[in-house]
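The values are calculated or read from the model by the stated rules, or taken from the named source; none is laboratory data. What you are looking at is a predicted structure, and each value in this text was computed from that prediction instead of being measured. Cβ placement follows ideal geometry from the backbone for every residue including glycine, while neighbour counts extend to all protein chains displayed. Please note that ligands, DNA and RNA were not included when accessible areas were found on the heavy atoms of the full protein model with its side chains. Shrake-Rupley method; radii C 1.70, N 1.55, O 1.52, S 1.80 Å.
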Amino acid sequence: MSLLVIGTLAYDTVETMHTRRADVLGGSAMYFSIAAGQFVPVQLVAVVGKDFRPQDIELLKASRVDVSGVEHAEGRTFRWSGRYESDWNTRHTLETQLNVFERFDPKVPAAMRAANWVFLANAAPRVQMRALEQVTKPKFTVVDTMNLWIDTARADLLQLLRKVDAVVLNDEEARMLTGERNLIKAAGSVLGLGPRYVILKKGEHGAFLLGNDVHFSLPAYPIDEVVDPTGAGDSFAGGFMGYIAEKGNVRPETLRAAMLYGTVSASWCVQGFGVEALSGRTRADIDGRFDELRTICTIG
Ligand code: AMP
């Protein structure tokens, strides 16, 4: 059942049409851990600086996240800032400060190396690979990435894609990685790079999963007031992997349901800044939205 994640813990500055918020608790592994912890306990490997607030570690602990793999290094925590256009789907990265992440050499604690389910959240592909090498025999490994790494570390990323079972990408990343405009073609080319499955996220337009034994597509859960979409992709991955780890298999029917759970986790995420709307969700909240989403998608 053990689910391991490696990724960033961050303080983000987010600008929307309505407001600007500085030092919002975030990072790819933060969103993932909070969402996945609503299904199974999570083991986290990450690095933070001396400025990381003790209450933020406490929040992780309270969310069933084992933080013994979080390294506290000299220096400042990873920082990212971004601005959203009025359609929410267009995001501009204003600044990325790697800080302590720049020299991060992940060490997966001995007790976490036997993890079955592994999520390599958005991070430098070199760091993702170093972490993966330390896991003895994972059953299912999923990787996420971002335009920055596709641009600056493409060779490392391509090497990593040959070693994982699945990759999650958004529309822009899939086009950047493959050069294909059409997303079905892009997903097909990604499968040619190594993974058995590709999950393609299209923001408010939903997501689809493509693999040899499954092709599944669904809309986003309808939210009429988005507050901050940051972390939606990582929360999606958290719900997706959390459910897979809970079920303990990757049969096509599990993957389909996991896509719905991922969509539900992302829907909570966008209703608040950082993890404020996502954290504290009960399983009843999650299953309620799961049922609603299923009803939205079926005819009978
Ligand atoms: P998402 O909106 O799902 O793409 O994730 C946004 C989160 O990823 C933010 O909380 C950022 O701190 C974090 N992030 C932004 N850029 C990077 C990067 N280059 N590598 C790792 N994490 C990042």
| said: Can you compute the modelled spin-label distance between Glu225 and Gln159, with each label point 7 Å from Cα toward Cβ, in nm? | reply: 4.9 nm
| task | List every residue whose amide H lies under 5 Å from the amide H of Glu71, counting only residues 5 or more places away in sequence or on a different chain, with H placed 1.01 Å from N in the peptide plane. | result | Ala46, Val47, Val48
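If R₀ is 35 angstrom, what is the calculated FRET efficiency for the pair His92 and Arg196, using the beta carbon separation as r and rounding to 0.05? Walk me through the numbers on the way to the answer.
Working: r = 33 Å, r/R0 = 0.95.
Plugging the Cβ-Cβ distance into 1/(1 + (r/R0)^6) gives 0.60.
Carbon and sulfur atoms: what percent of the 1.4 Å accessible area of the chain do they account for? Could the numbers behind the result be given before it?
Values: 6130 of 12600 Å².
For the chain, the apolar C and S fraction of the accessible surface comes to 49 percent.
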| said: A 23 angstrom limit on the alpha carbon distance is what I want to check against. Which of Lys137/Lys163; Lys107/Lys137; Lys50/Lys163; Lys107/Lys163; Lys137/Lys247; Lys50/Lys201 exceed it? | reply: Lys50/Lys163; Lys50/Lys201
| said: I want the local charge near Asp228. Using Cβ-Cβ distances under 12 Å, sum +1 for each Lys or Arg and -1 for each Asp or Glu among the other residues. | reply: 0
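Of all DSSP beta bridges in segment 3-297, what percent run antiparallel (nearest 5)? Don't skip to the end; give the middle numbers.
Numbers: 20 of 52 bridges.
Antiparallel bridges: around 40 percent, rounded to the nearest 5.
Defining a contact as two alpha carbons under 8 Å apart and six or more residues distant in sequence, what relative contact order in percent does the chain show? Please report the intermediate quantities before stating the final value.
Details: 677 pairs, mean separation 54.3, N = 300.
About 18 percent, as a whole number.
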| remark: Once the in-chain neighbours fewer than 8 apart are removed, the aspartates and glutamates whose Cα is under 15 Å from Lys139 read Asp165, Glu246
| field | In segment 6-55, the trypsin sites (Lys or Arg not before Pro) that fall in loop regions by DSSP, at most 16 other Cβ within 10 Å | value | Lys50
| said: I want the local charge near Arg154. Using Cβ-Cβ distances under 13 Å, sum +1 for each Lys or Arg and -1 for each Asp or Glu among the other residues. | reply: -2
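Given an 8 Å cut-off on Cα distances and at least 6 residues of separation, report the relative contact order of segment 67-139 as a percent.
Values: 79 pairs, mean separation 19.6, N = 73.
Reported as a whole number, the value is 27 percent.
State in Å² the accessible area per residue of the chain; use a 1.4 Å probe, count heavy atoms of protein chains only, and round to the nearest integer. Write down the numbers at each step before the final one.
Details: 12600 Å² over 300 residues.
That works out to 42 Å² for each residue.
Given N residues in segment 194-272, what is Rg(Cα) / (2.2 N^0.38 Å)?
Numbers: Rg = 12.3 Å, N = 79, 2.2 N^0.38 = 11.6 Å.
Compared with the compact-globule rule of thumb, segment 194-272 sits at 1.06.
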| said: Which log10 I(q)/I(0) values does the chain give at q = 0.08, 0.09, 0.10 Å⁻¹ under the Debye formula, counting every alpha carbon as one identical point scatterer? | reply: -0.29, -0.38, -0.47
| said: Going by average Cβ density within 10 Å per residue, which order do the peptides 24-32, 208-216, 195-203 take, highest to lowest? | reply: 24-32, 195-203, 208-216
| 10 Å beta-carbon shell around Ala124, net charge (K/R +1, D/E -1) | 0
| field | Evaluated at q = 0.10, 0.19 Å⁻¹: base-10 log I(q)/I(0), Debye formula over Cα of segment 1-136 | value | -0.33, -1.08
